[in-house]
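Colleague: Could you have a look at this structure, given as structure tokens, before my questions?
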Amino acid sequence: MGEVIEALEQLYAELPTLSCLGLCEASCGEHIDASTVERRRLLAAGVDLDAPTPDRACPALTRTFGVGRCSVHAIRPTICRLWGATQSMPCPHGCSVEGGRVDDAQAMRWLLASMEIGGHPTIAPGVRDLLELAVNDPAAAGLFSRFLRGDRTVTAALYERMLSLRS
């Protein structure tokens, strides 16, 4: 497990650095996707991503003095680390990204890499190879964008698009 955590930390080091103003509470919804290992780390810290919350917010949010903050910021999953740093998920509060926002294809590469490293129950092995085919495909761009924002209804269509490009 230590090697997997180390590999995830190396991946996290590749992600863009965001100068966060700490105003993203409203962006932290209840559907946070994470690799199996990321989920285990969060559970060990007392956060169950699958636990429903009355306000449909992320279960990791804590409210101190009425302000929502991430209680597991240091071990937050890849998707949370990408928030504000990608084209599809810009920060609505003006937080800036060193070097500018990354495109959705690169964000998907990082997200899938985290799931390959840490495991994921619904991501089939070899999906990353298919993703490389779809990176420059205009028809896949909108699907990537929706997937990154948490819309899992596009998963099958995205996968089908990637498979169609292989032929």
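The values are calculated or read from the model by the stated rules, or taken from the named source; none is laboratory data. These figures come from a predicted structure and were not determined experimentally. Neighbour counts run over all protein chains shown; Cβ positions are idealised from the backbone, glycine included.
Colleague: For segment 26-70, which residues satisfy the criterion of being more than 28 Å from Ile123 (Cα to Cα) and touching a residue at least 12 places away in the same chain (Cβ under 8 Å)?
Modeller: Those that are more than 28 Å from Ile123 (Cα to Cα) and touching a residue at least 12 places away in the same chain (Cβ under 8 Å): Val67, Gly68, Arg69.
Colleague: Still on this model: Are any residues in segment 1-30 under 16 Å from the mean Cα position of the chain (by Cα) and among the acidic types (Asp, Glu), and if so, which ones?
Modeller: Glu9, Glu14, Glu25, Glu30
Colleague: Ok, one more. Restricting to segment 19-55, what's the tally of residues that are under 20 Å from Met89 (Cβ atoms) and at pLDDT below 85?
Modeller: Summing the residues that are under 20 Å from Met89 (Cβ atoms) and at pLDDT below 85 in segment 19-55 gives 15.
Colleague: Would you check if Glu38 is touching a Lys or Arg at 6+ places or on another chain (Cβ under 8 Å), part of a helix (DSSP H, G or I) and not basic (Lys, Arg)?
Modeller: No: the conditions fail for Glu38.
Colleague: Give the number of residues within segment 41-63 that are of a type in the set (A, V, I, L, M), in contact with a Leu (Cβ under 9 Å, 6 or more places away or on another chain) and either under 26 Å from Arg146 (Cβ atoms) or in a loop (DSSP other than H, G, I, E, B) (or both).
Modeller: Result for segment 41-63: 3.
Colleague: Quick one: which residue in Thr53, Thr62 is under 21 Å from Leu21 (Cβ atoms) and of a type outside the set (A, V, I, L, M, F, W, C)?
Modeller: After ruling out the rest, the residue left standing is Thr62.
Colleague: Checking Leu8 against (1) under 25 Å from Met108 (Cβ atoms); (2) at pLDDT below 95; (3) out of contact with any strand residue (DSSP E or B) (no Cβ under 8 Å at 6 or more places or on another chain): exactly one of these is not met. Which one?
Modeller: Unmet for Leu8, out of (1) under 25 Å from Met108 (Cβ atoms); (2) at pLDDT below 95; (3) out of contact with any strand residue (DSSP E or B) (no Cβ under 8 Å at 6 or more places or on another chain): (2).
Colleague: Among the residues that make up segment 120-138, is at least one of them closer than 27 Å to Ala26 by Cα and surrounded by 15 or more Cβ atoms within 10 Å (Cβ to Cβ)?
Modeller: Yes, segment 120-138 has at least one match.
Table: residues versus (1) within 21 Å of Leu8 (Cα to Cα); (2) among the small types (Gly, Ala, Ser); (3) in contact (Cβ under 8 Å) with a residue 12 or more places away in the chain.
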{"position": "Gly94", "(1), (2), (3)": "no, yes, yes"}
{"position": "Val102", "(1), (2), (3)": "yes, no, yes"}
{"position": "Met115", "(1), (2), (3)": "yes, no, yes"}
{"position": "Ala140", "(1), (2), (3)": "no, yes, yes"}
{"position": "Asp151", "(1), (2), (3)": "no, no, no"}
{"position": "Ala156", "(1), (2), (3)": "no, yes, no"}
{"position": "Arg166", "(1), (2), (3)": "no, no, yes"}
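Colleague: What's the total number of residues in segment 71-92 that are farther than 23 Å from Gly142 by Cα and without any contact (Cβ under 8 Å) to a residue 12 or more places away in the chain?
Modeller: So the count comes out to 2.
Conditions (1) surrounded by fewer than 19 Cβ atoms within 10 Å (Cβ to Cβ); (2) at pLDDT 85 or above, marked per residue:
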residue	(1), (2)
Thr64	yes, no
Val67	yes, no
Val72	no, yes
Ile79	no, yes
Leu82	no, yes
Gly100	yes, yes
Ala107	no, yes
Leu111	no, yes
